[in-house]
There are 2 protein chains.
Amino acid sequence: LGRIGTVTVVGVGLIGGSIGLALRARSVATRVVGVGRREASLAEALRRGAIDVATTDLASGVSSAEVVVVCTAVTDIADCLLRAAAAAPPGVLITDAGSTKQTIVEAVESDERARAVFVAAHPIAGSERSGVEFADQGLFVGRACVLTPTEATPADRLERARAFWRALGCRLIEINPAEHDQALALTSHLPHAVAAALAATVPAELLDLAAGAYRDGTRVAGSDARLWAAIFRENRGPVLDALGRFENQLADFRAALESDDSEALRSWWLSARARRARFTAGPDAGSRDP
Amino acid sequence: LGRIGTVTVVGVGLIGGSIGLALRARSVATRVVGVGRREASLAEALRRGAIDVATTDLASGVSSAEVVVVCTAVTDIADCLLRAAAAAPPGVLITDAGSTKQTIVEAVESDERARAVFVAAHPIAGSERSGVEFADQGLFVGRACVLTPTEATPADRLERARAFWRALGCRLIEINPAEHDQALALTSHLPHAVAAALAATVPAELLDLAAGAYRDGTRVAGSDARLWAAIFRENRGPVLDALGRFENQLADFRAALESDDSEALRSWWLSARARRARFTAGPDAGSRDP
């Protein structure tokens with residue numbers, strides 16, 4: 001990867017801001033343009049050094065971009081991608097950071113101009129915090145980034161997208177959009193829903209008696225409501241399927257406890273524990289412990 | 001609280017070991033005796049300085065104790081309490097660190113000698129790790145310790161128990177044994193069951209796509225299986241009730257998602273988020289963030 005000229009980041013929140021910081025810290029691009037809706041966020045992104053130039057106008061923001069990364073809320077991504085493709089130079093690479101992929105890829109592939117320049121991506125990094133004020137130049141280092149190319153994805157853009165996300169420190173995983181959405185429903189969307197359900201289950205007057213298990217089990221319930229309502233709806237089918245699998249696990253636990261079956265409880269727990277141990281030993285282990 | 005002579009810790013694992021370390025670091029006691037079943041654990045407790053003297057014989061271990069703290073697995077606590085009461089000097093204070101209280105208190109109160117010296121306690125501190133090798137002298141600092149006195153609890157022993165647990169750094173909460181078990185079913189036992197169910201739901205081949213939400217949501221699934229099977233069984237009714245409340249929350253989420261109701265999803269999320277924010281702002285906030 002030679003150094004890129006201008007990268008335009010559309011949506012300068014936690015993810016977009018972190019991309020800008022990483023691009024500049026690693027000298028991946030000579031210039032980072034930030035496109036946002038709110039002047040205050042853009043001002044904060046400039047102040048933090050996440051972007052060099054700010055604009056609220058998407059078309060002018062992408063007009064000289066070599067790479068455009070769309071990091072808005074999932075429900076806005078497809079629209080921004082099409083508008084960016086219409087306004088950017090023909091040589092542009094457009095990618096995104098959306099938590100779901102199927103509906104985004106479908107929207108892009110029905111648009112000739114966008115399809116010719118787009119590679120769908122999802123860097124699996126984030127936080128329950130939102131906003132550029134929590135952006136972190138190291139957010140992507142060692143984290144998985146899923147690319148979901150299809151038969152319609154141009155080979156040269158795919159190569160450039162791989163180089164771009166690797167330059168931010170990601171390790172790459174390539175699967176198709178439907179596989180991505182089914183996988184993330186289980187690995188991310190379900191854990192978010194479970195955290196929120198758990199948070200809401202404990203009455204406020206008992207929180208004084210809660211400790212580490214509640215704290216960690218509910219951390220991501222602090223995430224943004226609009227963002228997560230949108231992700232759940234975008235990935236409704238796979239999330240409902242993941243929820244069903246989780247309900248089956250709870251039903252197994254309930255059955256073992258109702259029958260006061262010590263061996264069933266232990267073996268249920270041991271298989272969960274073994275799965276958890278496998279995760280801890282995985283490729284992100286450094287960022288996973290304890 | 002004057003300095004205590006001998007404190008005997010029965011069960012020298014993570015909790016018992018941490019109590020020993022704290023007693024010695026804070027000069028609360030002049031001597032800490034450790035009673036255990038396994039020579040290897042006792043040797044490690046001696047090596048780490050968690051105890052001064054080790055024995056596998058409970059009766060001789062408590063024979064000159066001013067205070068006995070029973071920190072074994074919940075299913076063994078009642079038996080150890082009765083045996084300690086039979087062998088310790090009549091002036092002894094006996095307390096425990098069990099995660100459930102009702103069955104333990106009932107067992108003790110049916111025994112005249114034990115009832116006269118016992119105050120039930122539950123320091124709400126722990127880890128998914130077990131064993132004296134993970135013991136920590138600061139484990140109890142600022143953490144809640146629940147005492148569950150009843151009408152049968154002697155006033156002088158209650159005073160001494162308060163002073164003892166405060167000397168380890170705990171802040172005290174006093175409720176009755178049934179209230180304790182119902183509360184902890186929600187604040188601790190349910191979060192453990194949920195963590196294990198979540199851990200088991202995500203297929204091993206997808207763990208590479210899991211990140212922070214899965215990591216934190218499943219951390220306590222790494223806890224000991226025997227210990228947790230015992231806690232669930234000891235507190236079966238309240239845990240099943242807590243599970244029912246959690247299942248209701250999941251059902252609300254499922255209904256909102258099935259009907260693709262953006263407003264319902266958002267308001268469901270927002271009430272969970274508000275509850276979580278209340279926890280973060282609570283008395284343990286320092287040990288709770290993020």
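Averaging the sequence gap over all C-alpha pairs within less than 8 Å and six or more residues apart, then dividing by the number of residues, gives the range A:1-131 a relative contact order of 24 percent. Taking the Cα centre of the range A:61-213 as origin and assigning +1 to Lys and Arg Cβ atoms and -1 to Asp and Glu Cβ atoms, the resulting dipole is close to 420 debye.
What is the list of residues in the range A:215-256 whose amide nitrogen lies under 19 Å from a point 7 angstrom out from the Cα of residue A:176, following Cα to Cβ? Only A:235-239 pass the distance filter.
Tally Lys and Arg at +1 and Asp and Glu at -1 over the other residues with C-beta under 10 Å from the C-beta of residue B:75: what net charge comes out?
On the way: positive: B:226, B:233; negative: B:76, B:79, B:234.
For residues surrounding residue B:75, the net value is -1.
Close amide H contacts of residue B:118 (hydrogens built in the peptide plane, cut-off under 5 Å, sequence separation of 5 or more or a different chain): B:94.
Rounded to the nearest 10 square angstrom, residue A:113 shows an accessible area of 120 square angstrom against a 1.4 Å probe.
Which three numbers, in whole Å and largest first, are the semi-axes of the equivalent ellipsoid of the protein assembly as shown derived from its Cα gyration tensor as √(5λ)? List each step's numbers first, then the result.
Details: eigenvalues 569, 107, 78 Å².
Listed largest to smallest, the semi-axes of the protein assembly as shown are 53, 23, 20 Å.
Close amide-amide hydrogen proximity is noted between residue A:145 and A:124, A:171, A:172, A:173, each under 5 Å apart and 5 or more residues distant or on a separate chain (H modeled in the peptide plane; Pro and chain starts excluded). Here the dipole of the protein assembly as shown is about 1740 debye; that uses its Cα centre as origin and unit charges on the Cβ of Lys and Arg (positive) and Asp and Glu (negative). Each other copy holds its own label point for residue B:26; taking that point as 7 Å from Cα along Cα to Cβ, the gaps run 4.8 nm, nearest first.
3J(HN,Hα) couplings calculated from phi for the range B:2-15 with the Karplus curve 6.51 cos²θ - 1.76 cosθ + 1.60 (θ = phi - 60°) are, in sequence order, x, 5, 8, x, 9, 10, 9, 9, 9, x, 9, x, 4, 6 Hz; Gly and Pro show x.
How many percent of all Cα-Cα pairs in the range B:181-290 sit more than 25 Å apart? Let's see the in-between values first.
Working: 1996 of 5995 pairs.
Every Cα pair in the range B:181-290 considered, those over 25 Å come to 33 percent.
Rounded to the nearest 10 degrees, the inclination of helix B:225-234 to the longest alpha-carbon principal axis of chain B is 90 degrees.
Which of rounded, prolate or oblate describes the range A:1-147 when judged by the alpha-carbon gyration tensor and an a/c cut-off of 1.5?
Values: a/c = 1.41, a/b = 1.24, b/c = 1.14.
Rounded, because the longest to shortest axis ratio a/c is under 1.5.
Compute the helix-to-body angle for B:262-280: its Cα long axis versus the longest principal axis of chain B, expressed 0 to 90° and rounded to tens. With both axes taken from Cα atoms, the answer is about 20 degrees. Taking the square roots of five times each eigenvalue of the Cα gyration tensor of the range A:142-242, the equivalent ellipsoid has semi-axes of 35, 16, 10 Å, listed largest first. As a size descriptor, the averaged projected area of the C-alpha convex hull of the range B:54-112 was calculated at 3.9 nm². Where both bridge residues fall in the protein assembly as shown, DSSP classifies roughly 10% of the beta bridges as antiparallel. When chain B is treated as a Gaussian network with alpha carbon springs shorter than 10 Å, the biggest mean-square fluctuation among B:206, B:270, B:198 belongs to B:206. Between the Cα long axis of helix B:236-258 and the first principal axis of chain B there is an angle of about 20°, rounded to the nearest 10.
Report the relative contact order of chain A, percent, no decimals, based on alpha-carbon pairs under 8 angstrom and at least 6 residues apart. Intermediate results must be reported in sequence, preceding the final value.
Working: 497 pairs, mean separation 45.1, N = 290.
Contact order relative to length: 16 percent.
Pairwise Cα distances in chain A exceed 36 Å in 21 percent of cases.
Evaluating 6.51 cos²θ - 1.76 cosθ + 1.60 at θ = phi - 60° for every residue in the range A:57-62, the Karplus couplings come out as 9, 4, 4, 6, x, 9 Hz, glycine and proline recorded as x. For the range B:1-83, list log₁₀ I(q)/I(0) at each q in 0.11, 0.20, 0.24, 0.26 Å⁻¹, using the Debye formula over Cα point scatterers of equal strength and ignoring solvent, two decimals each. Result of the Debye calculation: -0.23, -0.79, -1.13, -1.31.
Sorted shortest first, the separations between the residue A:142 label point and its copies elsewhere in the assembly read 2.6 nm; each point sits 7 Å from Cα along the Cα-to-Cβ line.
Shown in residue order for the range B:122-134 are the 3J(HN,Hα) couplings computed by the Karplus curve 6.51 cos²θ - 1.76 cosθ + 1.60 at θ = phi - 60°: 8, x, 8, 8, x, 6, 6, 8, 10, x, 4, 5, 9 Hz (x for Gly and Pro).
Where the only charges are on Cβ atoms (+1 Lys, Arg; -1 Asp, Glu), what is the dipole of the range B:1-118 about its Cα centre, to the nearest 20 debye? List each step's numbers first, then the result.
Numbers: 12 positive and 12 negative charges, 99 e Å.
Its charge dipole is roughly 480 debye.
For the range A:110-198, the pair-distance distribution built from all alpha carbon pairs, in bins 10 Å wide starting at 0, is 15, 38, 35, 11, 1 percent. Inter-chain neighbour count for A:222-235: the average number of beta-carbon atoms from partner chains within 10 Å of each residue's beta-carbon is 5. Farthest towards the positive end of the charge dipole of the range A:122-194, among the residues A:183, A:141, A:126, is the Cα of A:141, using unit charges on the Cβ of Lys, Arg, Asp and Glu. In the range A:170-283, Cα pairs under 8 Å separated by at least six residues give a relative contact order of 28 percent. For the protein assembly as shown, can you list the cysteines whose C-beta has no other cysteine C-beta under 4.7 Å from it? Flagged as lacking a Cys partner: A:71, A:80, B:71, B:80.
Scanning residues 5 or more positions from residue A:127 or on other chains, none has an amide H under 5 Å from its amide H, with H placed 1.01 Å from N in the peptide plane. For the pair residue B:112 and residue A:37, label points projected 7 Å from Cα toward Cβ lie 7.6 nm apart.
With r defined as the distance between the Cβ atoms of residue A:158 and residue A:27 and R0 fixed at 30 Å, what FRET efficiency is calculated, to the nearest 0.05? With R0 = 30 Å, the Cβ-Cβ based efficiency is 0.80.
Over the protein assembly as shown, DSSP H runs of length four or greater, each weighted -39,500 (n - 2.57), average out per residue to a 222 nm ellipticity of -15500 deg cm²/dmol.
What's the whole-number percent of alpha carbon pairs in the range A:78-138 lying beyond 15 angstrom?
53
What whole number of Å gives the distance from the Cα centroid of the range B:115-174 to the Cα centroid of the range A:210-230? For the range A:210-230 versus the range B:115-174, the Cα centre distance is 29 Å.
When the range B:171-290 is described by a simple charge dipole with +1 on each Lys and Arg Cβ and -1 on each Asp and Glu Cβ, the residue from B:198, B:282, B:264 located farthest towards its positive end is B:282.
Placing a label point 7 Å from Cα along the Cα-to-Cβ direction at residue A:158 gives distances to the equivalent points in the other copies of 7.3 nm, listed shortest first.
For the rotational copy relationship between A and B, the axis lies nearest to a chain A beta carbon, identified with its distance in whole angstrom as A:216, 2.
The values are calculated or read from the model by the stated rules, or taken from the named source; none is laboratory data. Owing to the predicted nature of the structure, the values given are computational and were not obtained by experimental measurement. All Cβ positions, even for glycine, are placed from backbone atoms using ideal geometry, and neighbour counts span all protein chains on display. Calculation scope for accessible area: heavy atoms of the full protein, side chains included, ligands and nucleic acids excluded. Shrake-Rupley method; radii C 1.70, N 1.55, O 1.52, S 1.80 Å.
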